[in-house]
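J.: Just passing along the structure, written as structure tokens.
The values are calculated or read from the model by the stated rules, or taken from the named source; none is laboratory data. A quick note: this is a predicted structure, and the numbers were derived from the prediction, not measured. Here the Cβ is made from the backbone with ideal geometry for all residues, glycine too, and neighbour counts use every protein chain on show.
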């Protein structure tokens, strides 16, 4: 029997017959509403009450999309409460905007107050919560066959946290788009702010990689993990995420993700100089490898660089990570570089170091042991002979001269040179 036929029985006051039919039907919000109406007509307010309570307090999404049903639930609830709870009945009929009665029940007032005059406080909060969830669930902005890296970072180190940098200079990280797979790399201070400002959606993210345990590279990781956890209750497709974290970051944050079922992969990133370094398959055509890096964190050198091999495009992206230069890095880079592949170098220059020029002029070249600086940048370029050079991980002390350094690199090597800041996108092709 259809709901139209049941409705006719209720209109003709055959309440008992309607109850028998409805009780045998599959439970749904529409069935419960008709059943509650039939109970009320049959003077069974005690039976109608739990149905109406469930509809009004738990089925807000359904009622919000069906105003006529919401109004009917309120009318029926008003009848039921006039019989079994006079206080709640009075609150429903009170204009909440003119509420001036002392000693009311705050719980009832929040959920029922003014229901017959408009939305209750609880309903208004529900609508706002729905808007918030819709923002988290906003659709993807990346698509199939897109390959790019977006530099959602301005400056490295601690300077974005200084008072002088408020609303001016931010930290951040990278966002790598690989054929509809979005990989966040080193989400430091303000990464999410920069990510949203660039028009990206949380739905774009499929994986997160952190190269080492310094706050300008992991600061927004807890926030991303919190959003992943929150998205689990909203994502009907049961989306899984990947985590690629250096050993120390993995250890420090493991309690936030180790028991979660929201992750497809949970990998510790490391580079073993004397052992095997297994590549990680992200997609059939995308392989992630670690590169050696010399950048102690808490007196431990757990930092890695990243190499992304895009086989169907014949492109390699070398992300040096924070590292000082040495001969061993050069050996590994040369060994990893593939023939007939375009090479893109993302160089973490960080700063400058006076000894690198003094020692160079004295004939015994030195490198800063924690960052590339200018001499390490020079060696990385000459080692890889890349198609494109991206100047990244830029210390704020370079802010006034970074464009000049870009020109100097271009005129020295005749290579396309890009400053990786301020949402700049480099296409991988």
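J.: Identify, from the list 393, 397, the residue that is assigned by TED's automatic domain parsing to the domain that holds residue 316 and not in a strand (DSSP E or B). Full working, then the answer.
T.: Working: 393 fails: not in a strand (DSSP E or B).
Result: 397 is the single residue among 393, 397 that is assigned by TED's automatic domain parsing to the domain that holds residue 316 and not in a strand (DSSP E or B).
J.: Then there is this: Condition first: surrounded by 16 or more Cβ atoms within 10 Å (Cβ to Cβ), part of a loop (DSSP other than H, G, I, E, B), at pLDDT below 95 and more than 30 Å from the chain's Cα centre (by Cα). Can you find one or more residues in the range 315-324 that meet it?
T.: yes
J.: What helices (runs of 4 or more DSSP H) lie completely within the range 190-308 and have 3 or more residues being under 19 Å from residue 176 (Cα atoms) and under 14 Å from the mean Cα position of the chain (by Cα)? Before you say what the answer is, go through the steps one by one.
T.: Values: elements: 191-197, 215-218, 221-231, 247-253.
Answer list for the range 190-308: 191-197, 221-231.
J.: From the set of residues in the range 369-387 that are part of a loop (DSSP other than H, G, I, E, B) and out of contact with any helix residue (DSSP H, G or I) (no Cβ under 7 Å at 6 or more places or on another chain), which is nearest to residue 428 (Cα to Cα)?
T.: For the range 369-387, the residue satisfying everything is 387.
J.: Next question. Can you confirm whether residue 176 is within 19 Å of residue 421 (Cα to Cα) and either at pLDDT below 90 or part of a helix (DSSP H, G or I) (or both)?
T.: No: the conditions fail for residue 176.
J.: Can you tell which of 331, 366 is over 14 Å from residue 393 (Cβ atoms) and not in a helix (DSSP H, G or I)?
T.: 366
J.: Check 335, 339, 313 and return the single one that is over 30 Å from residue 189 (Cβ atoms) and in contact (Cβ under 8 Å) with a residue 60 or more places away in the chain.
T.: 313 is the lone residue from the list that is over 30 Å from residue 189 (Cβ atoms) and in contact (Cβ under 8 Å) with a residue 60 or more places away in the chain.
J.: Looking at 263, 213, which one is in contact with a helix residue (DSSP H, G or I) (Cβ under 6 Å, 6 or more places away or on another chain), at pLDDT 90 or above and either surrounded by 13 or more Cβ atoms within 10 Å (Cβ to Cβ) or not assigned by TED's automatic domain parsing to the domain that holds residue 322 (or both)?
T.: Details: 263 fails: in contact with a helix residue (DSSP H, G or I) (Cβ under 6 Å, 6 or more places away or on another chain).
Going through 263, 213 in turn, just one is in contact with a helix residue (DSSP H, G or I) (Cβ under 6 Å, 6 or more places away or on another chain), at pLDDT 90 or above and either surrounded by 13 or more Cβ atoms within 10 Å (Cβ to Cβ) or not assigned by TED's automatic domain parsing to the domain that holds residue 322 (or both): 213.
J.: Could you give me the residue pairs with C-beta distances under 8 Å whose first residue belongs to the range 408-429 and is at positive phi, whose second residue is exposed (fewer than 15 other Cβ atoms within 10 Å of the Cβ) wherever it lies, and which are 6+ apart or on separate chains?
T.: Final answer for the pair search is 423/197.
J.: Ok, one more. Among (1) surrounded by fewer than 12 Cβ atoms within 10 Å (Cβ to Cβ); (2) under 39 Å from the mean Cα position of the chain (by Cα); (3) at positive phi, which single condition is residue 68 missing?
T.: Status for residue 68: all satisfied but (3).
J.: Select, from 256, 221, the only residue that is in contact with a helix residue (DSSP H, G or I) (Cβ under 7 Å, 6 or more places away or on another chain), in the same structural domain as residue 174 (by TED's automatic domain parsing), at pLDDT 90 or above and surrounded by fewer than 20 Cβ atoms within 10 Å (Cβ to Cβ).
T.: Going through 256, 221 in turn, the sole match is 256.
J.: Is there a residue being under 30 Å from residue 340 (Cβ atoms) and assigned by TED's automatic domain parsing to the domain that holds residue 172 anywhere in the range 358-371? I'd like the intermediate steps shown before the answer.
T.: Restricting attention to the range 358-371, the residues satisfying the condition of being under 30 Å from residue 340 (Cβ atoms) are none.
No, the range 358-371 contains no residue that is under 30 Å from residue 340 (Cβ atoms) and assigned by TED's automatic domain parsing to the domain that holds residue 172.
J.: Select, from 327, 354, the only residue that is under 14 Å from residue 383 (Cα atoms) and without any contact (Cβ under 8 Å) to a residue 24 or more places away in the chain.
T.: Values: 354 fails: under 14 Å from residue 383 (Cα atoms).
After applying the criteria, what remains is 327.
J.: When only residues in the range 288-302 that are in contact with a strand residue (DSSP E or B) (Cβ under 6 Å, 6 or more places away or on another chain) and under 19 Å from residue 350 (Cα atoms) count, which is surrounded by the fewest Cβ atoms within 10 Å (Cβ to Cβ)?
T.: 291
J.: Sticking with this structure for a sec: Only one of these is surrounded by 18 or more Cβ atoms within 10 Å (Cβ to Cβ), in contact with a helix residue (DSSP H, G or I) (Cβ under 8 Å, 6 or more places away or on another chain) and at pLDDT below 95: 393, 366, 356. Name it.
T.: Going through 393, 366, 356 in turn, the sole match is 356.
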